[in-house]
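Let me begin by presenting the structure, written as structure tokens, before commenting on it.
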Amino acid sequence: MKTLKEIDDRISLLESKYEEVKGTETEVYTRIVGYHRSVVNWNRGKKEEYGDRVTFNVEKSQISQKIDSIKTVKVEADGGRECAIKIDANLENVAFYKLFHSQFCINCPPVVRFMENVNVPGEDFDVSSDLGMGIAAKYNVLATPTVILFDSKDNVIGRVSSVEELKTIFVSEEKASAAV
């Protein structure tokens, strides 16, 4: 059995021992510039990165050219909401289309029926099959239904995914051709 003096001596020894605890340095990482870098070495290489930076130039950018090809139309369904449809300015030049649909898609049958009545040749691809999935991957189709419109030079001039959007293209095109 320990005496009270022995216990007090042990406590004072431990207190003096742990007054100056020194461990190892903790390495802290941050991801401010897009990749993980140790905070200790933060300034190492920053001058070189600053010299290598590139200033964005709007005039040379392809973004402004792409924005011109986006047209906002008012769709009568869905409460007359406005939506941006990526369509080239010359819709009269639609030579053919590729329709991507799925057998389990609830929005696909109306689009398939609409495209059957359009006077433009086209191909249908069921993305449930391996062939359809491969072609959909080639054209970066991420959702069904998707109709990709092409001109006579095989350039993509439009990408739509609903009957309302298709009506804005093909109904206005039929009116324009009837007026001529």
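The values are calculated or read from the model by the stated rules, or taken from the named source; none is laboratory data. Note that this is a predicted model, so its numbers are computed, not measured. Quick reminder, even Gly has a Cβ in these numbers, built from the backbone with ideal geometry, and neighbours come from all protein chains shown.
Brief remarks on what is shown
- Single residue of the stretch 106-132 satisfying the filter (modelled with pLDDT of 90 or more and in a loop (DSSP other than H, G, I, E, B)) that is farthest from Thr144 (Cα to Cα): Pro121
- Residue-level analysis places Thr72 among those that are outside any loop (DSSP other than H, G, I, E, B) and either of a type in the set (Ser, Thr, Tyr) or modelled with pLDDT under 75 (or both).
- Residue match in the stretch 81-89 (condition: part of a loop (DSSP other than H, G, I, E, B), loosely packed, with under 11 Cβ neighbours inside 10 Å, under 24 Å from the mean Cα position of the chain (by Cα) and modelled with pLDDT under 70): yes
- Some residue of the stretch 24-35 being at pLDDT below 80, touching a Ser or Thr at 6+ places or on another chain (Cβ under 9 Å) and either of a type in the set (Lys, Arg) or not in a loop (DSSP other than H, G, I, E, B) (or both): yes
- Filtering the stretch 145-160 to residues that are modelled with pLDDT of 90 or more and polar (S, T, N, Q) leaves only Thr146.
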